[in-house]
Amino acid sequence: MCGIVGFYGPDDVVHDIVFGLTALQHRGQDAAGIATFNGNFHLHKGNGLINDVFKPKHVKKLKGNIGIGHARYTTQGSNDADLAQPFTTSYPFGLAMVHNGNVINFRDAAKRLHEKYHVLPKTSNDLELIMYTFASELRIKDLDHLSVVDIFDAVETTQELVKGAYATITMIAGHGLLAFNDPLGIRPLVLGRRDTPAGPVYAFASESTCFDYLGFEFIKNVGPGQAVFIDKNFQVHYKNPYNLPKAFCVFEHIYFAREDSTIHGRLVARERVRLGKMLGRKVLEAGLEPDMVIDVPSSGYFAASGLAEAIGVPYRRAMVKNNHMGRSFIVSSQAGREDIVKKKLNPIRAFVEGKKIAVVDDSIVRGTTSRRIVRILREAGAKEVYFISSAPPIVSPCIYGIDMAMSTDLIAANHTDEEICQFIGADRVIYQTLEDLQELFSEERGHGGSCFACFSGKYPTGDVSRYLRHIQEERESHRSKKDREEAKTSVSAKAPAATEH
Ligand code: AMP
């Protein structure tokens, strides 16, 4: 998952880009990059958080009234700084592009790029496939009289050739700012506008929270397969009118997006409260009588408060997070992940001691975090621990840009609820049901279509078995290489036994 922004206005846009990216930092912390244009491209990118990558000396050089930015979360490919976005190409006109998502026909698209357009991608970043396909399609137009229709045509061919999930923003040097989505609208992208005395500033961003900070008015979601182009006279052009997604990623609502973002007309925080309320019925049906509901900070908060309200039990914040640690997912070994969870979360003993605790997290993926949390709560004196997941069991890997491990690592793909409960050491595990989630995000409720693939195994882009095999092989070879390296340096990096509490 990544965060992307693009701005076009009468004055330099770099400050808007930097602030916009910091509001999207939750979407990716591995690397960051910005490209601006003022007759020449200016580009700076590197590994790390926005504030680490962009020092005043870099910001000063990023001149131009048009620019794009990216906060990277690595899904496929390594953490190599060369893979950080934006990517640029000098033809035609000069393009700079960022994307959020994941291309799933990488090999075919790369082969086609080579055979059809005689272009060889330089890196393993899937953005190159989108960018070079678009650039090659644009190049065959009448470049002396490039029209908006030509640009939208090139977008359409790109969408036909490149499969997967992608929200993209592109600067076309001397022409304008373009954004387009994959045909199913899997990843979020919004358009906003701020009026200034010198004229309007237009912005694209992954999430609307950026606009709140920067004083932009929300205009619209960029819909499935839609393209929006802001030309050099600040006219806005739209290709195809739909607004609602055909397969929007429901995990954005559960975990990934920020609570204060509104996605397709629905406030993320409110949806999470609803998810929590729906869990209330299941807790009561299971005959559980917790003394207190707590959350796993921070993404469990709204669901926990919804659950507490639904069952009439007090909610407390009983675990304090050290926000200066990285996410547990960025550590690749099991031992490393467990250690980080322990350092990141400190229980408030006085609140949990002697109590029956219902602890709410957004999801259980590998089970590592939940297992550690249960142990932390027991060590702090909890009498009983019920682990409540506001997401249904995750049984299939996400191939559309959320890093969720392979099927073999997904605890719910291979274990019953009882086995999971035993593994994480809880007294009870309660999951959201897929049916309830589908009902909440059903088309009838005006949400458009949603992607539930990680819970249902039904992928909206069709048969993806070849791609699933490919990522499984790739990860296994990456993992065995890493394991060999770790084995050399550490004797303690063994996964804990399944019965350890
Ligand atoms: P696990 O320890 O593998 O069960 O991970 C579950 C925890 O990771 C939950 O607390 C989630 O908040 C968090 N999480 C879920 N999906 C992701 C993701 N794709 N990237 C990073 N963290 C995640």
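Taking the criterion of being away from the ligand (no atom under 16 Å from the Cβ) and in contact with a strand residue (DSSP E or B) (Cβ under 7 Å, 6 or more places away or on another chain), would at least one residue in segment 405-421 satisfy it? Scanning segment 405-421, I find no residue that is away from the ligand (no atom under 16 Å from the Cβ) and in contact with a strand residue (DSSP E or B) (Cβ under 7 Å, 6 or more places away or on another chain), so the answer is no. Of the helices (runs of 4 or more DSSP H) lying entirely inside segment 72-171, the ones with 2 or more residues being modelled with pLDDT of 95 or more are found at 127-139, 148-161. Taking first residues from segment 108-125 that are free of Cβ contacts under 8 Å to residues at least 40 places away in the same chain and partners that are aliphatic (A, V, I, L, M) and loosely packed, with under 11 Cβ neighbours inside 10 Å, the Cβ contacts under 6 Å between residues at least 6 apart in sequence or on separate chains come to His114/Leu120. Tell me yes or no: at least one residue of segment 461-470 is closer than 27 Å to Arg266 by Cβ and of a type in the set (S, T, N, Q). Looking for residues that are closer than 27 Å to Arg266 by Cβ and of a type in the set (S, T, N, Q), one finds at least one in segment 461-470, hence yes. For first residues located in segment 43-54 and in contact (Cβ under 8 Å) with a residue 12 or more places away in the chain, partners that are in a loop (DSSP other than H, G, I, E, B) and lie 6+ apart or on another chain with Cβ distances below 6 Å form the pairs Lys45/Ala84; Leu49/Gln29. Filtering segment 15-48 to residues that are open to solvent by 70 Å² or more (accessible area, probe 1.4 Å) and either not in a helix (DSSP H, G or I) or not assigned by TED's automatic domain parsing to the domain that holds Thr89 (or both) leaves Asn38, Asn40, Leu43, Asn47.
Applying the condition of being of a type in the set (Val, Ile, Thr) and modelled with pLDDT under 85 to segment 317-334 and asking which residue is farthest from the ligand (Cβ to nearest atom) yields Val331. Return the total of residues in segment 239-281 being more than 16 Å from the ligand (Cβ to nearest atom) and either among the aliphatic types (A, V, I, L, M) or out of contact with any helix residue (DSSP H, G or I) (no Cβ under 9 Å at 6 or more places or on another chain) (or both). Summing the residues that are more than 16 Å from the ligand (Cβ to nearest atom) and either among the aliphatic types (A, V, I, L, M) or out of contact with any helix residue (DSSP H, G or I) (no Cβ under 9 Å at 6 or more places or on another chain) (or both) in segment 239-281 gives 14. Does segment 335-366 hold any residues that are within 16 Å of the ligand (Cβ to nearest atom), modelled with pLDDT of 95 or more and small (Gly, Ala, Ser), and which are they? Within segment 335-366, Ala358, Ser363 meet the criteria. Answer yes if at least one residue in segment 189-206 is within 16 Å of Ala23 (Cα to Cα), over 17 Å from the mean Cα position of the chain (by Cα) and open to solvent by 10 Å² or more (accessible area, probe 1.4 Å), and no otherwise. No: segment 189-206 contains no residue that is within 16 Å of Ala23 (Cα to Cα), over 17 Å from the mean Cα position of the chain (by Cα) and open to solvent by 10 Å² or more (accessible area, probe 1.4 Å). Of all residues assigned to segment 274-295, none qualifies as being open to solvent by less than 50 Å² (accessible area, probe 1.4 Å) and farther than 16 Å from Ile430 by Cβ.
On the stretch given as segment 115-138, residues that are surrounded by fewer than 16 Cβ atoms within 10 Å (Cβ to Cβ) and in contact with a helix residue (DSSP H, G or I) (Cβ under 8 Å, 6 or more places away or on another chain) total 6.
For Ile402, the requirement of being crowded, with 19+ Cβ neighbours inside 10 Å, at pLDDT below 95 and either within 13 Å of the ligand (Cβ to nearest atom) or not in a strand (DSSP E or B) (or both) is met.
Might you check whether a residue that is open to solvent by 30 Å² or more (accessible area, probe 1.4 Å), among the polar types (S, T, N, Q) and either free of Cβ contacts under 8 Å to residues at least 40 places away in the same chain or in a strand (DSSP E or B) (or both) occurs anywhere in segment 416-426? Please lay out each step first, then the result.
Quick first cut of segment 416-426, residues open to solvent by 30 Å² or more (accessible area, probe 1.4 Å) only: 416-419, 422-423.
Adding the requirement that they be among the polar types (S, T, N, Q) leaves 416, 422.
Filter once more, so that each one left must be either free of Cβ contacts under 8 Å to residues at least 40 places away in the same chain or in a strand (DSSP E or B) (or both): 416.
Scanning segment 416-426 turns up at least one residue that is open to solvent by 30 Å² or more (accessible area, probe 1.4 Å), among the polar types (S, T, N, Q) and either free of Cβ contacts under 8 Å to residues at least 40 places away in the same chain or in a strand (DSSP E or B) (or both).
State all residues of segment 12-37 that are over 19 Å from the mean Cα position of the chain (by Cα) and farther than 14 Å from Val59 by Cβ; if no residue qualifies, say none. Result: Phe37, single match. The residue list Ile394, Ile430 contains one member that is touching a residue at least 40 places away in the same chain (Cβ under 8 Å), open to solvent by less than 30 Å² (accessible area, probe 1.4 Å) and assigned to a loop (DSSP other than H, G, I, E, B), which is Ile394.
When Leu288 is tested against (1) away from the ligand (no atom under 14 Å from the Cβ); (2) under 24 Å from Thr209 (Cβ atoms); (3) out of contact with any Asp or Glu (no Cβ under 8 Å at 6 or more places or on another chain), exactly one condition is not met: (2).
Identify all residues within segment 370-391 that are surrounded by fewer than 24 Cβ atoms within 10 Å (Cβ to Cβ) and either near the ligand (Cβ under 8 Å from one of its atoms) or not in a strand (DSSP E or B) (or both); write none if there are none.
The answer is Arg372, Arg375, Ile376, Arg378, Glu379, Ala380, Gly381, Lys383.
The values are calculated or read from the model by the stated rules, or taken from the named source; none is laboratory data. Just so it is clear, the model here is predicted, and its values are computed rather than measured. Don't worry about glycine lacking a Cβ; one is built from the backbone with ideal geometry, like all the others, and counts go over all protein chains shown. In case anyone asks, the SASA skips ligands and DNA or RNA and just uses the protein heavy atoms, side chains included. Shrake-Rupley method; radii C 1.70, N 1.55, O 1.52, S 1.80 Å.
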